[in-house]
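Throughout, read-outs are computed from the coordinates displayed, never taken from laboratory work. Everything numeric here is computed off the predicted structure, so don't read it as measured data. Ideal geometry is used to build each Cβ from the backbone, glycine not excepted, and the neighbour counts take in all protein chains shown.
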Amino acid sequence: MGLWIIWLIVAIALGAAEVITTTLAFGLVAVGALAAALAGALGASLPWQVAVFVLASLAGLLLVRPAVLRHLRRTPSLRSGTAALVGQNALVLDDVTPHSGRVQIGGEEWSARPYDESSVIPAGSTVEVLQIKGALALVHPRE
């Protein structure tokens, strides 16, 4: 039995371990074992097969895995819920003071307070929503 079959069995075992753990590490090492199996099937000696295995596995773990994990951890660009309201323009319906105020954000009325607690924003002004705290919009006048 050729050594390439042993590499193939190792690759299958590592692939199964990847399915169980989903770490992406075992899968990339399995690709290294497949590369070593291919080298063995093409007639490479054992030292060359080991070298191919080590190089392919290291390349996967050091180059591919960090890029894939960075892509998977990226925050979605689509904002929903109250996060989607931040940055929107709003129309002041009732004067916005540190104690009261109403604004219209995208057709909905919201209670509002000025982001700068010392300011008063008159009705009819256009403001920008800087933050949402519960059911309260913190706004700032548009320049």
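Below is a table of values for the structure above.
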item: Rounded FRET efficiency, nearest 0.05, which uses the C-beta distance separating Thr75 from Glu109 and R0 of 25 Å; result: 0.25
item: Rounded, prolate or oblate (a/c below 1.5 giving rounded, otherwise prolate when a/b exceeds b/c) for the stretch 3-73 by Cα gyration tensor; result: oblate
item: Distance histogram for the chain (every C-alpha pair counted, 10 angstrom bins, percent rounded to whole numbers); result: 12, 26, 12, 8, 10, 13, 12, 7, 1
item: Residues His140, His71 arranged by fewest to most Cβ contacts within 10 Å; result: His71, His140
item: Hydrodynamic radius by Kirkwood, which averages 1/r over all alpha carbon pairs of the stretch 81-141, in angstrom; result: 10.8
item: Residue exposure sequence - Thr97, Thr75 - by fewest surrounding Cβ within 10 Å; result: Thr75, Thr97
item: Which of Glu117, Glu18, Glu143 has the fewest Cβ neighbours within 10 Å, and the rest in rising order; result: Glu143, Glu117, Glu18
